[in-house]
Amino acid sequence: MSGREPLDLTEITPGAAIDRGRHGWRAKCLQRLIRMDLPVPQSWAISSESVRAIASGQIPPTPALAGLFARTAGLVGVRPSAMHPEWGGPGTVLHVGMNDACHAHLTKRLGKDAADALYLSFIQTYAVQIARLDPDMFAQGGPGALDDAMRAWRAEMDEDFPQDPARQLAEVLRAMARAWDGPTARLLRQAKGAPADAPLGLVVQEMALALGPGVTGSGTIQFIDSVTGTPRITGRFRGQELGAARGAGAETLYLTRDDRGPSLEETAPQVFAELVRFGIAARERLREEMQIEFIVTDGILSIIDATRVERSSRASVRIAVALARDGIIPPDEAVMRVHPRALSDLLHYQVDPRAPRDTITRGINASPGAATGRIVFTAAAAQASAARGEACVLVRRETVPEDIRGMHASVAVLTERGGTSSHAAVIARGLGLPCIVGATGLSIDTRARTLHAGGRTLREGDEITIDGTSGEVLAGAAEMLEPALDDSFNQLLDWADAARRIGVRANADTPEDARTARMFKAQGIGLCRTEHMFFDESRLPAMREMIFADRPEDRRLALERILPMQRDDFVELFTIMAGLPVTIRLFDPPLHEFLPHDREGMRELAESLALPLSEVTRRVEALSEFNPMLGMRGVRLGITLPEIYEMQARAIFEATVIASRKDAPVVPEIMIPLVSAMREVELVKTRVDAVAASVRNQMRADFTYRLGVMVETPRAALRAGDIAAHSAFLSFGTNDLTQMTYGLSRDDAGRFMSTYVNQGVYVEDPFHILDADGVGELLLMGCERARKSRPGITLSVCGEHGGNPQSIAFCHQAGVDYVSCSPFRVPVARLAAAQESIRSRDESAFDDSPAVLR
Ligand code: PEP
Ligand code: MG
């Protein structure tokens, strides 16, 4: 198709009908600058409808384009103007209209070198970006380069370089419109969240030339440090820019006065003062920290563009809070301006983005933050290293429960296998350790104590850095930024708390976790996984004795040794949480996890239990299951070996009495895992009630407690109605619920997850982001049925999804009362929950795009 229809071209004036949806963010931003009376050169916006028509073959009408040149003193530049600055766009083309006549004129005015340099630069851009000629043919500089470029053009195109400015501009518009339609541009913008058919506007602007006598040049200025977010003027100013590249007299000036060299502030104080004034005004009127692009021509300033300042996570928090504190944006908008993920960067050390990175390999970024340490390959080596006071990184094929102590002793964890909810990932997030899992490019030789990756071999003791934020493993020690739990961070979260509807609790198993949870202002513990308490070296023997006991009395005797320790655990948790709710989940994992896996371990166990090795081996084998995750675990253990839950209930109730005598009264919440039938709840409830009555009697104290159920089997979600009849609360364990809904092992899915996501089988890793369509439907159904049967029931989500912003938004919409997540994700959850509240309160008032776009 081709034809000539009128070009939808609007001059950007204060009153013009410029619309972000039709003309893009840049056009709208320029209009705001013009409305502020900033010296912006004449500019025009071409609507996205026109750009689309040009891309599909329509030829832009030459008279309209020629008219533009008639109204400017010479050359124009063309810039992309997508609907969102992050969606990018084709490269800017400057100096359109440059031809022999203009060259002759500039030679007279500025000298041959400057005019040649400008013309050559334009021909190079035009040849490569517009006519798509081979860049190598136009790469030369130096004397004679302009003639060479002209000759190369003629040889390739069989004509002289186009002299008609309107034709040049038409070609530029066509090339930019087509580039936006190309597959690469489409993929790039889709990666930034743009729809594939996102529209593009274009901006044509009269060129202010950075050439000539006096103070002349081009530069950028911003008023905030992009990495730290603290107020600081940074940028650059290149005097005589184009002539500079090839001629004499070029210099880069620093913007501000300091001792590094000459500065614009000293050389042209008025220009500098004007820039600062414009900067302050732009921040207030555009309600954003902007980077301003400017040209100075013989001491006269032109503002040619302004973009949102690029920023690190910590800078994004400081900028948003400062804007709200200065009364430029309301606090709720500051809450909307920070990406929840950015907060987790602030909680940990980060690899300094300005520093060099020596990347060896990469994997799944399972727990954020960065740490440097010496490589160790076993939990024992990690503990030895910690005892020597040496930071170490635990590198394992995958981790198992026995590795927990080693993980505690490490500064970071790296595994070859596993996905986002594998053991290593869950534990590391809980501990706040940087962690990379599923680093399949890695091969570990435990015998030789070496690891191979990226063609390199590293040995035990070698230093590496784990960047759990990006998923990159770096050789050596990288330069770090410190955590930034500063005043801005706290202020932002206080504003978030004021806005949010759903609660945020923490998954905390240890006193250390509980303290972290309090530090991050969690509103209680939503999941205490008690089994971690049994892996302690002092408890493991009694635990194993219990497992090997044949009769209930013997089991009870072994458990009696664990009871006081477990009671102390709970007293400590209750005390730290100071009256905030604490949900304790009864024992969940299959028993074989507590038994040794190798012959040496079994021999030691045989010795300590005074049993023949053959008997130990036989029992260990008898306990092993084909599908332990679907086997004797959770409530199934509670029903077949009731002594375990009875001991735990007793420990919880005794701790309740003790803690309530010291401090605020405690109302413990007891949660039953892996339920799939209402009768399971009835049976456990009867026993737990009996233990409560016995403790009340023995300790002569009264207390109440709440019994709830974890909904983590699909059947429990389907039967939530009758399960709710016996439960004060239901908590959705979305890790197991995802595993069982998909029939997908959470420990093995990492092997093919990326293939599945890349080929679009799954939109996302469902262990990472809650699958709204399937698992989410079960959750919605479960909530609805539970509420119908018991209107006042408390509903929550305590799987790993409770710390994921997208999943939290879903939980908010599902109407749950709270989410519970790893302590280090609590700030992220507080912010994400607040954003969803604000969004749902006023769908249209805020979005996460810069204020300049509204
Ligand atoms: C779950 O299954 O979602 C859950 C929270 O329990 P765990 O991760 O301990 O299996
Ligand atoms: Mg579970």
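A few points about this structure:
- Single residue of the range 368-417 satisfying the filter (of a type in the set (S, T, N, Q) and within 25 Å of M480 (Cα to Cα)) that is surrounded by the most Cβ atoms within 10 Å (Cβ to Cβ): S410
- Criterion violated by L94 - all others in (1) part of a helix (DSSP H, G or I); (2) open to solvent by 40 Å² or more (accessible area, probe 1.4 Å) satisfied: (1)
- No other residue among A439, A424 is within 20 Å of D536 (Cα to Cα), over 18 Å from the mean Cα position of the chain (by Cα) and touching a residue at least 40 places away in the same chain (Cβ under 8 Å) apart from A424.
- Search result, residues across the range 170-201 that are open to solvent by less than 80 Å² (accessible area, probe 1.4 Å) and among the polar types (S, T, N, Q): none
- Those residues of the range 723-750 which are aromatic (F, W, Y), within 9 Å of ligand 1 (Cβ to nearest atom) and farther than 27 Å from D689 by Cα, in sequence order: none
- Selection status of G144, touching a residue at least 24 places away in the same chain (Cβ under 8 Å) and open to solvent by 30 Å² or more (accessible area, probe 1.4 Å): no
- Qualifying residue in the range 751-763 (condition: closer than 22 Å to P589 by Cα and either surrounded by fewer than 24 Cβ atoms within 10 Å (Cβ to Cβ) or more than 13 Å from ligand 1 (Cβ to nearest atom) (or both)): no
- Filter result for R283 (open to solvent by 10 Å² or more (accessible area, probe 1.4 Å), in contact with a Gly (Cβ under 8 Å, 6 or more places away or on another chain) and basic (K, R)): no
- All positions within the range 214-268 that are of a type in the set (S, T, N, Q), at pLDDT 80 or above and either open to solvent by 70 Å² or more (accessible area, probe 1.4 Å) or within 16 Å of E310 (Cα to Cα) (or both): T220, Q222, S226, T228, T230, T234, T267
- Residue that is modelled with the lowest pLDDT, among those in the range 521-533 that are open to solvent by less than 10 Å² (accessible area, probe 1.4 Å) and within 14 Å of ligand 1 (Cβ to nearest atom): T530
- Among the residues of the range 563-603, just one is outside any helix (DSSP H, G or I) and among the polar types (S, T, N, Q), namely T583.
- Sub-6 Å Cβ pairs linking a first residue in the range 585-606 that is farther than 17 Å from S624 by Cβ and in the same structural domain as F732 (by TED's automatic domain parsing) to a second residue that is within 16 Å of ligand 2 (Cβ to nearest atom) and open to solvent by 20 Å² or more (accessible area, probe 1.4 Å), at least 6 apart or interchain, are R585/R529, ordered by first then second residue.
- E293 being within 24 Å of the chain's Cα centre (by Cα), over 25 Å from T469 (Cα atoms) and not in a helix (DSSP H, G or I): no
- Members of the range 295-310 that are touching a Gly at 6+ places or on another chain (Cβ under 7 Å) and either among the charged types (D, E, K, R) or at pLDDT 95 or above (or both): D298
- Among the criteria (1) open to solvent by 10 Å² or more (accessible area, probe 1.4 Å); (2) in a loop (DSSP other than H, G, I, E, B); (3) not aromatic (F, W, Y), the one R314 does not fulfil is (2).
- When the residues of the range 604-636 are filtered to those that are assigned to a helix (DSSP H, G or I) and within 15 Å of ligand 2 (Cβ to nearest atom), the one that is surrounded by the most Cβ atoms within 10 Å (Cβ to Cβ) is V635.
- Of the numbered criteria (1) at pLDDT 95 or above; (2) open to solvent by 10 Å² or more (accessible area, probe 1.4 Å); (3) of a type outside the set (D, E, K, R); (4) more than 16 Å from ligand 1 (Cβ to nearest atom), the one S844 fails is (1).
- Checklist (1) open to solvent by less than 10 Å² (accessible area, probe 1.4 Å); (2) in contact with a strand residue (DSSP E or B) (Cβ under 9 Å, 6 or more places away or on another chain) applied to D689, failing item: (1)
- Complete set of residues in the range 295-311 that are open to solvent by 30 Å² or more (accessible area, probe 1.4 Å) and of a type in the set (D, E, K, R): D298, R308, E310, R311
- Some residue of the range 473-493 being under 16 Å from P827 (Cβ atoms), open to solvent by 30 Å² or more (accessible area, probe 1.4 Å), away from ligand 2 (no atom under 16 Å from the Cβ) and of a type in the set (A, V, I, L, M, F, W, C): yes
- Matching entry among A306, A273 (being among the small types (G, A, S), touching a Cys at 6+ places or on another chain (Cβ under 7 Å) and assigned by TED's automatic domain parsing to the domain that holds I221): A306
- Filtering the range 698-722 to residues that are within 14 Å of V684 (Cα to Cα), out of contact with any Cys (no Cβ under 8 Å at 6 or more places or on another chain) and within 16 Å of ligand 1 (Cβ to nearest atom) leaves G708, V709.
Okay, residues lined up against (1) open to solvent by 10 Å² or more (accessible area, probe 1.4 Å); (2) among the aliphatic types (A, V, I, L, M); (3) away from ligand 1 (no atom under 16 Å from the Cβ):
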position	(1), (2), (3)
Q648	no, no, no
A655	no, yes, yes
S660	yes, no, yes
A664	yes, yes, yes
M678	yes, yes, yes
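- Counting only residues that are of a type in the set (D, E), farther than 30 Å from P665 by Cβ and within 16 Å of ligand 2 (Cβ to nearest atom), the range 573-602 holds 1 of them.
- Number of residues in the range 791-818 that are outside any loop (DSSP other than H, G, I, E, B), open to solvent by 20 Å² or more (accessible area, probe 1.4 Å) and touching a strand residue (DSSP E or B) at 6+ places or on another chain (Cβ under 8 Å): the value is 1.
- Candidates are the residues of the range 725-750 that are touching a strand residue (DSSP E or B) at 6+ places or on another chain (Cβ under 6 Å) and more than 13 Å from ligand 2 (Cβ to nearest atom); the one that is most open to solvent (accessible area, probe 1.4 Å) is A728.
The values are calculated or read from the model by the stated rules, or taken from the named source; none is laboratory data. Every value quoted in this text rests on a predicted model; they were computed, and no experiment measured them. Neighbour counts are summed over all protein chains in view; Cβ atoms, including those assigned to glycine, are modelled from backbone coordinates with ideal geometry. The protein model used for the area step is the full one, side chains on, heavy atoms only, and it has no ligands, DNA or RNA in it. Shrake-Rupley method; radii C 1.70, N 1.55, O 1.52, S 1.80 Å.
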